[in-house]
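Scroll down for the structure; my scribbles are underneath it.
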Amino acid sequence: MSIALLIVDMQQAYDEIKKCHESINDALEYINEASKLFREADKPVILIQDEEAGEGPDSEGYKLMDQLVVKDTDYRISKVYNSAFWKTGLDELLKQLEVEFLVVSGFAAEYCVLFTYNGAMERGYNASLLQHGVADYNPGQAKETQYLRPVVSIETLTYILKKV
């Protein structure tokens with residue numbers, strides 16, 4: 001089994017929304033820890049960026065958040081729609097990497113994160129949300145989204161990534 005981490009829309013445009021700061025900062029701690037584990041296990045970390053963040057791909061808002069740990073070995077996918085699968089090369093990349101299981105994290109819980117999670121399931125991938133690794137405009141929504149979907153903890157990922 002191959003496994004990959006998807007980090008959805010952790011971009012400067014969303015970090016600038018004041019009411020999201022606490023939710024984003026909390027999620028970033030877990031996302032950065034998970035991405036470290038994936039990189040140490042030589043498993044893919046895939047950064048998803050929304051072209052509508054800011055004023056398009058050339059804008060400051062499109063750039064990834066400064067607090068997000070990013071490496072040159074990470075893959076990048078640009079998207080226009082809520083689902084990172086819709087009209088992008090994500091599915092092809094995952095097939096090329098022989099990924100079967102996805103850990104989905106990022107912003108915003110009930111929009112792009114959920115649509116990407118659903119897109120993974122529709123395409124036959126096994127998927128879970130990263131526990132505490134999902135942010136939202138409303139922190140309560142991030143928690144509710146995680147209550148209704150399978151989640152995987154940092155502790156469990158530590159174990160799994162040693163085995164695959």
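Looking at the structure I just gave you, is LEU161 outside any helix (DSSP H, G or I) and in contact (Cβ under 8 Å) with a residue 60 or more places away in the chain?
no
Inspect the stretch 32-46 for any residue being aliphatic (A, V, I, L, M), under 12 Å from the mean Cα position of the chain (by Cα), more than 16 Å from ARG76 (Cα to Cα) and buried (at least 19 other Cβ atoms within 10 Å of the Cβ) and give the result as yes or no.
Yes: one or more hits.
Quick one: which helices (runs of 4 or more DSSP H) lie wholly within the stretch 1-118 and hold at least 2 residues that are modelled with pLDDT under 95 and within 22 Å of GLN146 (Cα to Cα)?
Values: elements: 12-15, 21-40, 90-96.
Correct list: 12-15, 21-40.
A quick yes/no check of all residues on (1) among the basic types (Lys, Arg); (2) over 19 Å from GLU22 (Cβ atoms):
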| position | (1), (2) |
| --- | --- |
| THR73 | no, yes |
| ARG76 | yes, yes |
| TYR117 | no, yes |
| GLY124 | no, yes |
| ALA142 | no, no |
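Among residues belonging to the stretch 118-144 that are over 14 Å from the mean Cα position of the chain (by Cα) and closer than 17 Å to LEU102 by Cβ, point out the one that is surrounded by the fewest Cβ atoms within 10 Å (Cβ to Cβ). Write out each step before concluding.
Start the filter on the stretch 118-144 by keeping residues that are over 14 Å from the mean Cα position of the chain (by Cα), which leaves 121-126, 137-141, 143-144.
Add one more test, that the residue is closer than 17 Å to LEU102 by Cβ, and what stays is 121-126.
On the way: MET121: 13, GLU122: 10, ARG123: 14, GLY124: 8, TYR125: 18, ASN126: 13.
Among those that are over 14 Å from the mean Cα position of the chain (by Cα) and closer than 17 Å to LEU102 by Cβ, it is GLY124.
What residue, of ILE48, ILE24, ILE7, is out of contact with any His (no Cβ under 8 Å at 6 or more places or on another chain), over 27 Å from LEU97 (Cβ atoms) and among the aliphatic types (A, V, I, L, M)? Lay out the reasoning, then the answer.
Values: ILE48 fails: over 27 Å from LEU97 (Cβ atoms); ILE7 fails: over 27 Å from LEU97 (Cβ atoms).
Selected residue: ILE24, the only one of ILE48, ILE24, ILE7 that is out of contact with any His (no Cβ under 8 Å at 6 or more places or on another chain), over 27 Å from LEU97 (Cβ atoms) and among the aliphatic types (A, V, I, L, M).
The values are calculated or read from the model by the stated rules, or taken from the named source; none is laboratory data. Fair warning: this is a prediction, and the values are worked out from it, not measured in the lab. We place every Cβ from the backbone using ideal geometry, glycine too, and count neighbours over all the protein chains shown.
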